[in-house]
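Structure record follows, encoded as structure tokens.
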Amino acid sequence: MLLNGKVVIVTGASRGIGRAIALLFAAEGAKVAVNYAEDKVAAEAVVRQINGDAFACKARVEAPGEIEELIEKTLMKWGKIDILVNNAGIIKDKFLMMMSQQEWQSVIDVNLTGVFNCCKAIARPMIAQKSGKIINISSIASCRGALGQVNYAASKAGVEGMTRALIKEFSRYNIYVNTIAPGFIESERVKNLRDEMKKDYLRLIPLARFGRPEEVAGVALFLASDAASYIQGQTIIVDGGMVV
Ligand code: NDP
């Protein structure tokens, strides 16, 4: 098993990509804190499915106090944190002219400030133990843009910039920071798209299909494992060839 005994926090693990990462990491021997914002029932279902060392923990990533509590609870339970996966994210799509200040700010708060809050809260324990892996989830919207997503694209480009800046601070403590930028992945968000939109997007993907959450989880597992011991500050695109 690739993550035997490792302690992991996955933000936004109640469904979609975060859920797939939590399940795969647990199957590889990790103890997993399954974070969620609202959906306690779904998060507890993930914990039951893991059927091992896991617990569900509500914390909104944009609220620093709640994130500090999540870190504290995990440390109290397992004594260390080896891996943080910053997966929680939201969309509030609108054309710029129609986008309210609130729709801009809330996406920045969750997707970008949320990653800042989690990295800041995890810094002290990871620096003290002189090891750690942080895996951020951005999006190909950061490099190709997307209609109605100025807030989302800016937040995800920010995460990739933060990744590159963080390694300048964290590498000396043997803390790795890398980002995965998914394309269209079949979570609820993509499943709910209208059929014509799905067809339009599929035409842009050389592999001619959407990705599965497990296909992002596999890359996260690689980055979390010792196999990725010389990969630092990178953004790995997982999009079936769409950006190319
Ligand atoms: P989902 O919308 O399916 O799930 C989002 C998860 O984030 C849920 O667990 C949700 O918890 C949690 N969450 C939402 N807001 C907060 C918050 N404020 N604090 C803590 N947790 C929160 O997302 P996906 O699985 O589709 O996406 C996961 C990540 O991957 C996101 O960062 C997304 O931007 C990115 N991504 C997704 C793509 C896709 O095609 N699906 C493409 C590119 C990037 P709860 O259930 O409690 O609300």
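The values are calculated or read from the model by the stated rules, or taken from the named source; none is laboratory data. These numbers were taken from a predicted model, which means no experiment stands behind them. Don't worry about glycine lacking a Cβ; one is built from the backbone with ideal geometry, like all the others, and counts go over all protein chains shown. Just so you know, the surface numbers come from the protein's heavy atoms only, side chains and all, with ligands and any DNA or RNA stripped out. Shrake-Rupley method; radii C 1.70, N 1.55, O 1.52, S 1.80 Å.
If you go through the range 91-110 and keep only what is in a loop (DSSP other than H, G, I, E, B) and either open to solvent by 50 Å² or more (accessible area, probe 1.4 Å) or among the basic types (Lys, Arg) (or both), you end up with 91, 92, 93, 94, 95.
On the given criteria, is residue 121 closer than 24 Å to residue 5 by Cα, touching a strand residue (DSSP E or B) at 6+ places or on another chain (Cβ under 6 Å) and within 15 Å of the ligand (Cβ to nearest atom)?
Criteria not met by residue 121.
When 71, 9 are checked against the criterion of being within 15 Å of the ligand (Cβ to nearest atom), part of a strand (DSSP E or B) and modelled with pLDDT of 95 or more, 9 stands alone in meeting it. Residues being part of a loop (DSSP other than H, G, I, E, B) and surrounded by fewer than 16 Cβ atoms within 10 Å (Cβ to Cβ) are represented in the range 49-56 by at least one member.
With respect to (1) within 12 Å of the ligand (Cβ to nearest atom); (2) crowded, with 24+ Cβ neighbours inside 10 Å; (3) within 14 Å of the chain's Cα centre (by Cα), the lone exception for residue 25 is condition (1).
For the range 74-88, how many residues are open to solvent by less than 30 Å² (accessible area, probe 1.4 Å) and either in contact with a helix residue (DSSP H, G or I) (Cβ under 6 Å, 6 or more places away or on another chain) or outside any helix (DSSP H, G or I) (or both)? So the answer is 8. Candidates 37, 13: the one that is under 21 Å from residue 135 (Cα atoms) and either free of Cβ contacts under 8 Å to residues at least 60 places away in the same chain or in contact with a Leu (Cβ under 7 Å, 6 or more places away or on another chain) (or both) is 37. Residue under question is residue 205, and the condition is that it be open to solvent by less than 20 Å² (accessible area, probe 1.4 Å), of a type in the set (A, V, I, L, M, F, W, C) and over 30 Å from residue 117 (Cβ atoms); does it hold? So residue 205 passes the test.
Would it be correct to say that residue 61 is within 23 Å of residue 90 (Cα to Cα), within 14 Å of the ligand (Cβ to nearest atom) and part of a helix (DSSP H, G or I)? Spelling it out, it is not the case that residue 61 is within 23 Å of residue 90 (Cα to Cα), within 14 Å of the ligand (Cβ to nearest atom) and part of a helix (DSSP H, G or I).
Report whether or not residue 171 is hydroxyl-bearing (Ser, Thr, Tyr) and surrounded by fewer than 16 Cβ atoms within 10 Å (Cβ to Cβ).
Numbers: hydroxyl-bearing (Ser, Thr, Tyr): yes; surrounded by fewer than 16 Cβ atoms within 10 Å (Cβ to Cβ): yes.
Yes: the conditions hold for residue 171.
Considering the conditions (1) over 15 Å from residue 67 (Cα atoms); (2) within 16 Å of the ligand (Cβ to nearest atom), residue 113 is excluded by exactly one of them, (1). For the range 166-191, the set of residues classified as within 27 Å of residue 90 (Cα to Cα), basic (Lys, Arg) and over 17 Å from the mean Cα position of the chain (by Cα) consists of 191 only.
So that you can scan it fast, the table gives a plain yes or no per residue for (1) basic (Lys, Arg); (2) out of contact with any Lys or Arg (no Cβ under 8 Å at 6 or more places or on another chain); (3) at positive phi:
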residue: 68; (1), (2), (3): no, yes, no
residue: 71; (1), (2), (3): no, yes, no
residue: 83; (1), (2), (3): no, no, no
residue: 98; (1), (2), (3): no, yes, no
residue: 109; (1), (2), (3): no, yes, no
residue: 119; (1), (2), (3): no, yes, no
residue: 125; (1), (2), (3): no, no, no
residue: 132; (1), (2), (3): no, yes, yes
residue: 137; (1), (2), (3): no, yes, no
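Only one entry in 158, 132 is of a type in the set (Gly, Ala, Ser), modelled with pLDDT of 95 or more and surrounded by 20 or more Cβ atoms within 10 Å (Cβ to Cβ), namely 132.
Out of the residues in the range 176-201 that are within 13 Å of the ligand (Cβ to nearest atom) and of a type in the set (A, V, I, L, M), which is most open to solvent (accessible area, probe 1.4 Å)?
197
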